[in-house]
Amino acid sequence: MPEPRWFTPDRPDAEIRVFLLAHAGSGAVAYRGWDQLLPATVAVQAVTLPGRQGRRGEPLPTDWEATLSDLHSALIAELDERPYAVFGHCLGAQLAYRLTVRLEAGGDPAPCLLGMSGWAPTGFFRAPANHEDIPMAEVVAWIRELGAIPDVVAADPDMLDLVLPPVIADFRLAADHTDDAAVVDCPLVSYVGREDPLMLEPSAMRTWADRSTRYLGHREYGGTHFYLDEHKAAVMSDFAGHLTRLVPVG
């Protein structure tokens, strides 16, 4: 059986690598074309968790710590001597933050920059403890309103059966995480859509200032939870600016 492919292919000629972690239910496909948004010196490698896209034959993740441990092991095996950054949106941000906490605590090579998008450890929506008791129709309606499932998919039962399980599994995974207010030494910058319905407090994203000893600030853009669909070029331009200042190349 082939080894699971956690990451899209590397470009060995690149001087820096950026690992991208997607929102709940998605994987590398969420970042298709993002390699065009960063300088040629930067290789983009998107992450796919088990149970979706090219890894559909694997069981969906059910345990936060086990998933984080598997991702940590996969990343360590993938790294070389080059510096790297990590950017995550929604569940991807949650995983990226906890992955960096684990890397620093274990003395492993840590990211030179961390990008947090569409999630913060406080002031953001958290799945309720009784989320499994909520009728599926209500769950689908809420996910559809959020924009996580296109209308054409929501209207097709066969497509919904294919798309929905990873989304639900990832919501359960996120709810399994317990926050311990860990602080990272890695430089950190945060991004959000100004009208994100999951942002329960207007200042939620700025709480990242308490989670990094080198907080680089916060950027807001027009849009809701999936503001990146429209503003990905602007976000990556800002992220790349931080990255090249931290790691001069060329």
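The values are calculated or read from the model by the stated rules, or taken from the named source; none is laboratory data. This one's a predicted model, so the numbers in the text were calculated from it and none came from an experiment. Cβ placement follows ideal geometry from the backbone for every residue including glycine, while neighbour counts extend to all protein chains displayed. Please note that ligands, DNA and RNA were not included when accessible areas were found on the heavy atoms of the full protein model with its side chains. Shrake-Rupley method; radii C 1.70, N 1.55, O 1.52, S 1.80 Å.
Annotations for the structure displayed:
- Of the criteria (1) touching a residue at least 24 places away in the same chain (Cβ under 8 Å); (2) part of a helix (DSSP H, G or I); (3) open to solvent by less than 20 Å² (accessible area, probe 1.4 Å), which one residue 191 fails: (2)
- Applying a threshold of 7 Å to beta carbon distances and a minimum spacing of six or more residues, or different chains, the list of pairs starting in the range 174-188 at a residue that is without any contact (Cβ under 8 Å) to a residue 40 or more places away in the chain and ending at one that is assigned to a loop (DSSP other than H, G, I, E, B) and surrounded by 14 or more Cβ atoms within 10 Å (Cβ to Cβ) reads 183/211.
- Residue 154 being free of Cβ contacts under 8 Å to residues at least 24 places away in the same chain and in contact with a Lys or Arg (Cβ under 7 Å, 6 or more places away or on another chain): yes
- Filter result for residue 140 (within 18 Å of the chain's Cα centre (by Cα) and either farther than 28 Å from residue 44 by Cβ or at pLDDT below 90 (or both)): no
So that you can scan it fast, the table gives a plain yes or no per residue for (1) within 22 Å of residue 121 (Cα to Cα); (2) open to solvent by 20 Å² or more (accessible area, probe 1.4 Å); (3) not β-branched (Val, Ile, Thr):
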residue	(1), (2), (3)
148	yes, yes, yes
153	no, no, no
157	no, yes, yes
160	no, yes, yes
172	yes, yes, yes
175	yes, yes, yes
179	yes, yes, yes
183	yes, yes, no
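- Qualifying residue in the range 204-220 (condition: modelled with pLDDT of 95 or more, of a type outside the set (A, V, I, L, M) and on the phi > 0 side of the Ramachandran plot): yes
- Residue match in the range 241-250 (condition: buried (at least 18 other Cβ atoms within 10 Å of the Cβ) and either β-branched (Val, Ile, Thr) or at pLDDT 95 or above (or both)): yes
- Residue in the range 172-186 that is assigned to a helix (DSSP H, G or I) and closer than 19 Å to residue 86 by Cα present: yes
- Where strands (runs of 3 or more DSSP E) sit wholly within the range 1-120, those with at least 2 residues that are open to solvent by less than 50 Å² (accessible area, probe 1.4 Å) and under 20 Å from residue 181 (Cα atoms) occupy 84-89, 113-117.
- Output for the range 195-213, where each listed residue is in contact with a Pro (Cβ under 9 Å, 6 or more places away or on another chain) and over 28 Å from residue 103 (Cα atoms): none
- Residue 126 meets each of the listed conditions (1) more than 22 Å from residue 209 (Cβ to Cβ); (2) modelled with pLDDT under 95; (3) open to solvent by 30 Å² or more (accessible area, probe 1.4 Å) apart from (1).
- Answer residue from the range 229-245, given it is in contact with a strand residue (DSSP E or B) (Cβ under 6 Å, 6 or more places away or on another chain) and in contact (Cβ under 8 Å) with a residue 60 or more places away in the chain and is nearest to residue 117 (Cα to Cα) among those: 235
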